[in-house]
Amino acid sequence: MHGFARRAEVAEALLWIDRHAVPLDHEEIPIEDASGRVLAGDIVAPLDVPAFDRSAMDGYAVQGAQTTGASDYNPIAFRVIGASLPGLPFAGAVTAATAVRIMTGAPLPAGADAVVPAEFAREAAGTVDVAAAVSPGKHVGRCGEDIRRGSVPIAAGRRLRAQDLGLVSSLGIPAITVVRRPRARLIVTGDEVVGPGVARRPHQIYDANSAMLRGLLARDGAVLETHFRIGDDPDTIRRALLAPGADIIMVSGGSSVGAEDHAPRLLSEAGELAIHGIAMRPSSPAGMGRVGDALVFLLPGNPVSCLCAYDFFAGRAIRLRGGRKAEWPYATRTAPLARKIASAAGRVDYCRVRFQGAEVEPLALSGASVLSSTVRADGFVVVPGESEGYGAGAEVTVHLYD
């Protein structure tokens, strides 16, 4: 066994990720399946929306100038000459002293330029009495007022939300081109690790990292390519690393410098071990590199260290490869510290915290296997490498788990 000859700075690791985690190729998918996907090219409107002048109200289509002076005490009568319904427009034209009964969304008849709302009109025996004046254009949705043909209502790079999909559908576009979702392989090592539901021998532990990592990679837009739970046999780990088909490979456990920590050596032999050992707490044994076109992340086996290394490194690569922004998908909140957080210059600290009233309290700075600390926590505070911590009362930024 030996220690790390050098620990890379977090900024160095992030720079390596940003240089190598290039977006993946594109694929065309039906609009109904595109929620949460990243748009690969601009949406160019093939038509105006709305594609015709239409009524914004239930009421009567008229020539607005003909209603001047209309009121409750001075209603103006119009002859009703037909109706316009959504999908069933009136075939004729509105002239002076005539009106067409119209529904919301129905095409505005030729000759009409305004709509009198139904509450200001009373129809009887083929005549409608209008009790309110409407100016030309009133209660009319004009052709193209929402989206103009040839415009770009949604630009490439947008992670598509429900309303985005509604807009694209309103343009009649049935399929769009998106960035392919990264295929993530999860390799869990350790002879002492068994899956939940499996009989556990003395001194074995249940695998917490698999379920946690699967949830995180789904959050960040990846799809699980394969999931191995394979002990500490080097040949088996090597085969799992070299198997084709993954864009991102995460190895949980065996990332340090112990006798059974095979992953760093195997990654170096199979491809490139670019970084091993990082100046941070927890997750200092983390590493990263490449096998072919796949980016490989060595995540410590201790659960909090694994979570931290994923958040800082593997998750960032997954988001970038899938066309998303590199930044954490966590909301933030600023609050004063209830008590100090001590750190060491040159090291980044990931400190779990919880809110106590208006203040935020650190839960733990050590205990990389105490996963319950992340469950009790409301979020985490990052102490940068150039700082020696924060004093009580200092305003800190909390990255919220929820």
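Remark: S210 falls outside the filter, which requires a residue to be in a loop (DSSP other than H, G, I, E, B), surrounded by fewer than 24 Cβ atoms within 10 Å (Cβ to Cβ) and under 32 Å from the mean Cα position of the chain (by Cα).
On the stretch given as segment 33-73, residues that are part of a strand (DSSP E or B) and within 20 Å of A97 (Cα to Cα) total 5. Residues satisfying the criterion are absent from segment 318-334 (criterion: in contact with a Ser or Thr (Cβ under 9 Å, 6 or more places away or on another chain), of a type in the set (D, E, K, R) and buried (at least 19 other Cβ atoms within 10 Å of the Cβ)). Listed by position, the strands (runs of 3 or more DSSP E) inside segment 74-185 whose residues that are more than 36 Å from the chain's Cα centre (by Cα), within 30 Å of G215 (Cβ to Cβ) and among the polar types (S, T, N, Q) number at least 1 form an empty set.
Would you confirm, using the coordinates I've provided, whether G315 is modelled with pLDDT of 95 or more, in the same structural domain as G215 (by TED's automatic domain parsing) and outside any strand (DSSP E or B)? Walk me through how you get there before you give the answer.
Numbers: modelled with pLDDT of 95 or more: yes; in the same structural domain as G215 (by TED's automatic domain parsing): yes; outside any strand (DSSP E or B): yes.
In short, yes.
Among the residues making up segment 294-312, those that are part of a loop (DSSP other than H, G, I, E, B) and out of contact with any helix residue (DSSP H, G or I) (no Cβ under 6 Å at 6 or more places or on another chain) are G301, N302.
Taken together, the residues in segment 171-201 that are at pLDDT 95 or above and among the hydroxyl-bearing types (S, T, Y) amount to 1.
Assigned to a loop (DSSP other than H, G, I, E, B), among the small types (G, A, S), in contact with a helix residue (DSSP H, G or I) (Cβ under 8 Å, 6 or more places away or on another chain) and under 25 Å from R321 (Cα atoms) - does that describe any residue in segment 232-247? Steps first, answer last, please.
First, pick out the residues of segment 232-247 that are assigned to a loop (DSSP other than H, G, I, E, B): 232-233, 243-247.
This time we only want the ones that are among the small types (G, A, S), so: 243, 245-246.
Cutting the leftovers down to in contact with a helix residue (DSSP H, G or I) (Cβ under 8 Å, 6 or more places away or on another chain) gives us none.
No, there is no match, as no residue in segment 232-247 is assigned to a loop (DSSP other than H, G, I, E, B), among the small types (G, A, S), in contact with a helix residue (DSSP H, G or I) (Cβ under 8 Å, 6 or more places away or on another chain) and under 25 Å from R321 (Cα atoms).
Taking the conditions exactly as written (over 16 Å from D53 (Cα atoms), of a type in the set (A, V, I, L, M) and not assigned by TED's automatic domain parsing to the domain that holds T68), does V168 satisfy them or not? The answer is yes for V168. Applying a threshold of 6 Å to beta carbon distances and a minimum spacing of six or more residues, or different chains, the list of pairs starting in segment 328-349 at a residue that is not assigned by TED's automatic domain parsing to the domain that holds V381 and ending at one that is buried (at least 17 other Cβ atoms within 10 Å of the Cβ) and assigned to a loop (DSSP other than H, G, I, E, B) is empty. Answer with yes or no whether G150 is without any contact (Cβ under 8 Å) to a residue 24 or more places away in the chain and not basic (K, R). Answer is no for this residue.
Of all residues in segment 75-110, how many are farther than 30 Å from S170 by Cβ, buried (at least 16 other Cβ atoms within 10 Å of the Cβ) and either at pLDDT below 95 or of a type in the set (A, V, I, L, M, F, W, C) (or both)?
Final tally of qualifying residues: 4.
Scanning segment 220-235 for residues that are among the acidic types (D, E) and in contact (Cβ under 8 Å) with a residue 40 or more places away in the chain turns up D220, E225, D232. In segment 321-402, counting only strands (runs of 3 or more DSSP E) that sit wholly within it, the ones holding 1 or more residues that are within 23 Å of N302 (Cβ to Cβ) span 348-356, 359-364, 379-383, 395-400.
Checked against (1) at pLDDT below 95; (2) of a type in the set (D, E, K, R); (3) within 27 Å of R37 (Cβ to Cβ), R214 passes all but a single condition, namely (1).
Whether a residue is more than 30 Å from V179 (Cβ to Cβ) and free of Cβ contacts under 8 Å to residues at least 24 places away in the same chain was assessed, and I76 does not pass this test. For segment 37-54, indicate whether the set of residues that are within 22 Å of the chain's Cα centre (by Cα), surrounded by fewer than 19 Cβ atoms within 10 Å (Cβ to Cβ) and within 30 Å of G287 (Cβ to Cβ) is non-empty. Looking through segment 37-54, none of the residues is within 22 Å of the chain's Cα centre (by Cα), surrounded by fewer than 19 Cβ atoms within 10 Å (Cβ to Cβ) and within 30 Å of G287 (Cβ to Cβ). Evaluated against (1) buried (at least 17 other Cβ atoms within 10 Å of the Cβ); (2) under 20 Å from E327 (Cα atoms), V22 falls short on exactly one condition, (1).
The values are calculated or read from the model by the stated rules, or taken from the named source; none is laboratory data. A quick note: this is a predicted structure, and the numbers were derived from the prediction, not measured. Using ideal geometry, Cβ is built from the backbone for each residue, glycine included, and neighbour counts are taken over all protein chains shown.
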